[in-house]
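Asks: Here you go, one structure.
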Amino acid sequence: MATAKKIEIRSDRPRKIVATFLVTGVEEPLLQHNWRKTMTRGSKDPAPKDYGSKADQAEAVTYRLSDRPFPGQKSDQLYMLPTAFRGSMLNSKGGAKGIKIGKNAAANQIASGCNFRVDKFCPLFDPKTKKPIRTYAINEDRVRIQKNYILCYRPEIWPWACTFRVQIDERWITLEQFLRLFQRSGVVAGAGDNRPQSGTFYGKYEVEIEAIEVLEVFGEQDAIAEEEAEE
């Protein structure tokens with residue numbers, strides 16, 4: 001019987017690694033709203049457009065691989081952007097907000113030591129069957145735009161999961177510290193539209209490490225990361 005490979009989360013010496021995380025939605029569905037697909041060329045503001053039916057309006061704001069401008073990309077699988085998880089940790093009310101690593105703000109250590117653009121996108125799949133997610137329910141809710149409330153139709157995805165890779169320089173933040181902050185972000189910030197970070201409850205997630213690729217090992221004297229402090 002094959003034995004699962006042990007993942008060395010801790011190391012005596014700081015490393016530069018690429019960590020693969022399994023992100024799985026919990027409690028509530030994930031809502032998508034791809035603003036780029038509703039933008040008018042040359043304008044910075046979302047443009048109101050007539051997309052027809054509720055289904056048409058929901059489809060108009062999906063993140064689909066077939067919409068990505070990459071050669072040969074024809075899949076209609078839904079996906080998340082890596083920047084969604086970066087924002088979950090670093091933006092206002094994010095998981096790293098108010099946390100310190102030693103004397104330094106955790107958000108600064110993450111920004112200095114982590115590259116979130118290892119992958120251009122994170123395809124979504126069913127956490128049980130591992131099959132690609134291509135369909136969704138339609139979420140209907142009122143949203144406030146300036147002083148008016150309008151009905152908004154968005155893709156509602158449940159269950160959902162994806163893998164997400166980050167390059168981490170442990171001279172700034174250790175893998176263990178990053179994992180704790182990432183897990184915290186899944187609860188207090190979430191991902192997608194109407195997430196806890198914006199005061200609602202969709203898009204919560206949990207995180208576990210799937211794999212680690214060690215790119216470089218540094219000397220003990222090179223470590224910058226310190227123990228985490230309380231909020």
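The values are calculated or read from the model by the stated rules, or taken from the named source; none is laboratory data. Just so you know, these numbers come straight off a predicted model, no measurement behind them. As a convention, Cβ positions derive from the backbone with ideal geometry for all residues, glycine included, and neighbour counts pool all protein chains shown.
Asks: Those residues that are over 21 Å from Gly203 (Cβ atoms) and assigned to a strand (DSSP E or B), I need them from region 151-186; list them, please. Give the steps one after another, and end with the answer.
Replies: Taking region 151-186 and keeping what is over 21 Å from Gly203 (Cβ atoms), we get 167-177.
If the condition is that a residue be over 21 Å from Gly203 (Cβ atoms) and assigned to a strand (DSSP E or B), then Gln167, Ile168, Asp169 are the ones that fit.
Asks: I'm trying to understand the selection: among the residues of region 195-207, which are modelled with pLDDT under 85 and part of a loop (DSSP other than H, G, I, E, B)?
Replies: Gly199, Thr200
This table checks each residue for (1) touching a Phe, Trp or Tyr at 6+ places or on another chain (Cβ under 9 Å); (2) among the aromatic types (Phe, Trp, Tyr).
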residue	(1), (2)
Cys152	no, no
Pro155	yes, no
Val166	yes, no
Asp169	yes, no
Thr174	no, no
Phe182	yes, yes
Asp193	yes, no
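Asks: Still on this structure, I have one more. Just checking, which of Val217, Val187 is among the β-branched types (Val, Ile, Thr), within 14 Å of the chain's Cα centre (by Cα) and surrounded by fewer than 20 Cβ atoms within 10 Å (Cβ to Cβ)?
Replies: Numbers: Val217 fails: within 14 Å of the chain's Cα centre (by Cα).
Just a single option satisfies the conditions, and that option is Val187.
Asks: One residue is enough: does region 208-219 have a residue meeting the conditions in a helix (DSSP H, G or I), charged (D, E, K, R) and at pLDDT 90 or above?
Replies: Within region 208-219 (the criterion being in a helix (DSSP H, G or I), charged (D, E, K, R) and at pLDDT 90 or above), the answer is no, since none of the residues qualifies.
Asks: Sort out which residues of region 111-130 are among the small types (Gly, Ala, Ser) and touching a residue at least 40 places away in the same chain (Cβ under 8 Å), and write them in order of number.
Replies: Step one: of region 111-130, the residues among the small types (Gly, Ala, Ser) are 111-113.
Across region 111-130, the qualifying residues are Ser112, Gly113.
Asks: Identify, by number, the condition in (1) part of a loop (DSSP other than H, G, I, E, B); (2) modelled with pLDDT of 85 or more; (3) surrounded by fewer than 17 Cβ atoms within 10 Å (Cβ to Cβ) that Glu28 doesn't meet.
Replies: All conditions are met except number (3).
Asks: Listed residues Ile168, Ile157; which is surrounded by 19 or more Cβ atoms within 10 Å (Cβ to Cβ) and in contact with a Cys (Cβ under 6 Å, 6 or more places away or on another chain)?
Replies: The conditions single out Ile168.
Asks: Looking at Ile157, Ile138, Ile173, Ile133, which one is more than 19 Å from Val61 (Cα to Cα), in contact (Cβ under 8 Å) with a residue 24 or more places away in the chain and among the β-branched types (Val, Ile, Thr)? Outline the logic, then answer.
Replies: Values: Ile157 fails: more than 19 Å from Val61 (Cα to Cα); Ile138 fails: more than 19 Å from Val61 (Cα to Cα); Ile133 fails: more than 19 Å from Val61 (Cα to Cα).
Going through Ile157, Ile138, Ile173, Ile133 in turn, the sole match is Ile173.
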